[in-house]
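The values are calculated or read from the model by the stated rules, or taken from the named source; none is laboratory data. Predicted model only: the values in this text are computed from it and were never measured. Here the Cβ positions follow ideal geometry from the backbone for every residue, glycine too, while neighbour counts run over all protein chains shown. Accessible surface areas use protein heavy atoms only, side chains included; no ligands, DNA or RNA. Shrake-Rupley method; radii C 1.70, N 1.55, O 1.52, S 1.80 Å.
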Amino acid sequence: MSIVKEFRDFAVKGSVVDMAVGVIIGAAFGSIVKSLVEDVLMPPLGLLVGNVDFSNLFVVLKEGTKAAAPYHSLPEAIQAGATVLKYGVFINTIVNFMIVAFAIFIAIKQINRLKKKDADDPATPTAPSEEILLLRDIRNALQKSA
């Protein structure tokens, strides 16, 4: 078997295609969650804890060479060449992760519920085809004539 044929067989398997679709949807979902956290959730949360912008929380580890401290914003500190610990960005990332993890938990819970429902409901048997019925009639007729 040639490598090209092996790769083609691997690439067109259902699970590989499903995984690729999942990765693409996951990337799009990630940007939606990022916007939800940064634009919708964090501003009210920042107001609740004292008008704080979490993405602007930082600690200066080393002052910049272009301008001296104090820095009033994270972009200002970075532009001044300061070395900063961006713990506010880390808080936003944790909130992003928690939302994604919760959404995946809910999705998997629903999938498992549907799988269990399918397993609990046995499939209704299908009616035999016309060929099977005809063969049964022939068999019964042969048994009667014997």
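Checked against (1) farther than 30 Å from PHE54 by Cα; (2) aliphatic (A, V, I, L, M); (3) at pLDDT 85 or above; (4) open to solvent by 80 Å² or more (accessible area, probe 1.4 Å), LEU85 meets all criteria but (1).
Hey, can you tell me all the residues within region 40-75 that are open to solvent by 70 Å² or more (accessible area, probe 1.4 Å), out of contact with any strand residue (DSSP E or B) (no Cβ under 7 Å at 6 or more places or on another chain), not in a loop (DSSP other than H, G, I, E, B) and not aliphatic (A, V, I, L, M)? Answer for region 40-75, where residues must be open to solvent by 70 Å² or more (accessible area, probe 1.4 Å), out of contact with any strand residue (DSSP E or B) (no Cβ under 7 Å at 6 or more places or on another chain), not in a loop (DSSP other than H, G, I, E, B) and not aliphatic (A, V, I, L, M): just PRO75. Kindly establish whether ILE106 is at pLDDT below 85, open to solvent by less than 100 Å² (accessible area, probe 1.4 Å), assigned to a helix (DSSP H, G or I) and of a type outside the set (Gly, Ala, Ser). When the stated conditions are applied, ILE106 does not pass them.
Filtered by the rule that a residue be modelled with pLDDT under 80 and not hydrophobic (A, V, I, L, M, F, W, C), region 1-22 gives ARG8, ASP9, LYS13, GLY14, SER15, ASP18. Flag set for GLU38, criterion: of a type in the set (Asp, Glu) and within 30 Å of ILE108 (Cβ to Cβ).
One residue alone among VAL33, VAL17 is open to solvent by less than 50 Å² (accessible area, probe 1.4 Å) and part of a helix (DSSP H, G or I), and that residue is VAL33. Kindly evaluate LEU57 against the criterion of being over 19 Å from the mean Cα position of the chain (by Cα) and not charged (D, E, K, R). Yes. Cβ separations smaller than 8 Å between residues 6+ apart or across chains give no pair from region 11-35 residues that are closer than 15 Å to ALA101 by Cα to residues that are open to solvent by 50 Å² or more (accessible area, probe 1.4 Å). Among the residues of region 37-51, just one is β-branched (Val, Ile, Thr) and touching a residue at least 12 places away in the same chain (Cβ under 8 Å), namely VAL37. Restricting the first member to region 56-84 and to residues that are closer than 23 Å to ASP39 by Cα, and the second to residues that are hydroxyl-bearing (Ser, Thr, Tyr) and open to solvent by less than 40 Å² (accessible area, probe 1.4 Å), the beta-carbon pairs closer than 9 Å and six or more apart or on different chains are ASN56/SER73; PHE58/TYR71; PHE58/SER73; ALA77/TYR71; ILE78/TYR71.
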